[in-house]
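Report on the following structure.
The values are calculated or read from the model by the stated rules, or taken from the named source; none is laboratory data. Only a predicted model underlies this, so the values are computations on that prediction, with no experimental measurement involved. Here Cβ is always computed from backbone atoms with ideal geometry, including for glycine, and neighbour counts include all displayed protein chains. Heavy atoms of the whole protein, side chains included, go into the accessibility calculation; ligands, DNA and RNA do not. Shrake-Rupley method; radii C 1.70, N 1.55, O 1.52, S 1.80 Å.
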Amino acid sequence: MVNSCFHGRFLSSNIEFMHSTKIPCEQAVVFFKLVNKFWQKICQRYGEGSPEFWVILDHNPQNPVIASCSEHGVYFNLGLLRTTLTLEEDVASRLIEELYHLHEWRVQGIEPSASVLSDENIQLDYAKLVEYYSRDYKYRALKVLVEMTNHPHWQEFLSLVEKNREKIS
């Protein structure tokens, strides 16, 4: 992200926030407040932890990556949206998944192997998306997403992923 706006640790002493200048600060702050809220909910459910990490909010329609997690933080690209979900559902699902991955990694000590780590790509067709979520670490995050949102779309998708996991095991 060449043009960015750094907000630092204004909501939490352990989370640094930065966003693309294509996104107004007011909108970014709303997003960052959601990040903080979901992080607290995940910590309440799956174990308290306050590792230091960064959150980058981007708006890049040319980048096929819609969300990503690394050991040091999470990246969200709102330049692309999932067409099967409303904006709110899409944003909530990305936040829950990536923050849960980060929680597993930094709080629970579950480190995914480098061979399975990959970014969620908007260009995956439905069959590839089912395969992608059949990976252990994505499957765990999908189960958390279903539990925290109780949304029919994700419940149906979880059923498909579970059928696929049975088939490949």
Worksheet, complete the sentence: Hull surface over four for the Cα convex hull of segment 44-169, reported in nm², is 7.8
Worksheet, complete the sentence: note: segment 1-45, Cα-Cα separations exceeding 12 Å make up a percent value of 62
Item to complete: Apply 1/(1 + (r/R0)^6) to the Cβ-Cβ distance of Tyr126 and Gln40, taking R0 = 35 Å, and write down the FRET efficiency to the nearest 0.05.
Response: 0.60
Practice prompt. Keeping the other protein chains in place, figure out the carbon and sulfur percent of the accessible area of segment 31-169, with a 1.4 Å probe.
Written response: 50
Worksheet, complete the sentence: With every protein chain kept in place and a 1.4 Å probe, the chain has an accessible area per residue in Å² of 52
Response to the item:
Distance in nm between Cys25 and Gln155 label points, each 7 Å along Cα→Cβ, equals 4.3
Worksheet item: Taking only C-alpha pairs under 8 Å that are 6+ residues apart, what is the relative contact order of segment 1-69 in percent?
Response: 36
